[in-house]
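Q: The structure's right below; bear with me while I get my questions together.
The values are calculated or read from the model by the stated rules, or taken from the named source; none is laboratory data. This one's a predicted model, so the numbers in the text were calculated from it and none came from an experiment. Using ideal geometry, Cβ is built from the backbone for each residue, glycine included, and neighbour counts are taken over all protein chains shown.
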Amino acid sequence: MRDSIDCKVEDDSPDITVRDLVKKFGDFTAVSHTSFDVHRGEVFGLLSPNGAGKTTTFRMLCGLLPLTSGKLSVAGVDLRTARTEARRNIGYVAQKFSLYSQLTVYENLRFYGGTYGIPARALQQRIDEVMEEFNLTDRADHVAGELPGGYKQRLSMAAALIHKPKILFLDEPTSGIDPLARRTFWQQIAHLSAKGTTIITTHFMDEAEYCDRMMIQDHGEMLVLGSPSEIRERMHMPDADMNAIFIAIVEQARSRSSSS
């Protein structure tokens, strides 16, 4: 369950708009006519069985993969016509942590800040801010490749947020870190969303409770969209954990498909 550590920003305007999104690889349809909005400050989860459309949808949303058809806007910018401009509003944390292992914490942050064109004077201030925010100040001179998993994740978050993006994409961000670091991570996410940063994440099923809303896909199609409580109510499973609900949703959809 999400930690109520901050008062969330109330804003119904969508930071991401998806309409009739389709992605094909040859004759194979990886994502089929999917539509949804993600609002400012929302923690939005993408969930599916492996190979069932989640990763493809995620990559299109953050501008890493072109869509075949449909409409997709990020921070008010059309990804089909202005992908570079849209990506200026995006921070991205990969599952394997895109860090330069031979550089120090400070050097990694300086490099990433430079790639976003932050002026030198402003960059130094911003580095100090994110190191303090993610408790990295005393590790500034440590080589990134030698950091424990939890600290690598903190550094990846700091690097992704150094240019103050409106939207943060997280690809299984807690993979390989211990339970305490995972809890600290979700506390940080709650804090960011409370300040208005929009979060799009793929993650383990036992972390689904941290999402404001989630979308479950299978075979490229959206099966359900809603908050954990809404999905429980819809499935008539008020006391089940999200892993059991996820399995029930996918099995029901596949059963309907096979009998039709």
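Q: What are the residues in the stretch 173-191 that are among the β-branched types (Val, Ile, Thr) and under 13 Å from the mean Cα position of the chain (by Cα), if any?
A: Scanning the stretch 173-191 gives Thr174, Ile189.
Q: With respect to Val74, determine if the residue is surrounded by 18 or more Cβ atoms within 10 Å (Cβ to Cβ) and in contact with a Pro (Cβ under 8 Å, 6 or more places away or on another chain).
A: no
Q: Just checking: which of the helices (runs of 4 or more DSSP H) contained wholly in the stretch 1-116 hold 2 or more residues that are touching a strand residue (DSSP E or B) at 6+ places or on another chain (Cβ under 7 Å) and modelled with pLDDT under 95?
A: Fully inside the stretch 1-116 and qualifying: 54-61, 83-87.
Q: Further, regarding this structure: Out of curiosity, is Ile249 under 19 Å from the mean Cα position of the chain (by Cα), closer than 16 Å to Asn50 by Cβ and not in a loop (DSSP other than H, G, I, E, B)?
A: In short, no.
Q: Taking Thr202, is it in contact with a Lys or Arg (Cβ under 8 Å, 6 or more places away or on another chain), β-branched (Val, Ile, Thr) and more than 20 Å from Val130 (Cβ to Cβ)?
A: Numbers: in contact with a Lys or Arg (Cβ under 8 Å, 6 or more places away or on another chain): yes; β-branched (Val, Ile, Thr): yes; more than 20 Å from Val130 (Cβ to Cβ): yes.
Yes.
Q: Does Tyr210 fit the bill of being farther than 21 Å from Leu61 by Cα and in contact with a His (Cβ under 9 Å, 6 or more places away or on another chain)?
A: no
Q: Only one of Glu233, Glu209 is of a type in the set (D, E, K, R) and over 30 Å from Lys164 (Cβ atoms). Can you tell me which? Let's see the steps before the verdict.
A: On the way: Glu209 fails: over 30 Å from Lys164 (Cβ atoms).
When all the criteria are applied, what remains is Glu233.
Q: While we're on this one: Among the residues of the stretch 192-239, how many are in a helix (DSSP H, G or I) and free of Cβ contacts under 8 Å to residues at least 24 places away in the same chain?
A: Counting residues in the stretch 192-239 that are in a helix (DSSP H, G or I) and free of Cβ contacts under 8 Å to residues at least 24 places away in the same chain gives 8.
Q: Another question, if that's okay. Restricting to the stretch 209-256, count the residues that are among the small types (Gly, Ala, Ser) and farther than 25 Å from Val18 by Cα.
A: Qualifying residue count, the stretch 209-256: 4.
Q: Can you name every residue in the stretch 125-163 that is farther than 20 Å from Ser193 by Cβ, small (Gly, Ala, Ser) and buried (at least 16 other Cβ atoms within 10 Å of the Cβ)?
A: Ala144, Gly150
Q: Across the stretch 83-123, what is the total count of residues that are more than 20 Å from the chain's Cα centre (by Cα), under 16 Å from Leu161 (Cα atoms) and basic (Lys, Arg)?
A: Number of matching residues: 1.
Q: I need the full set of residues from the stretch 191-204 which are surrounded by 19 or more Cβ atoms within 10 Å (Cβ to Cβ) and among the hydrophobic types (A, V, I, L, M, F, W, C), in order please.
A: Leu192, Ile199, Ile200
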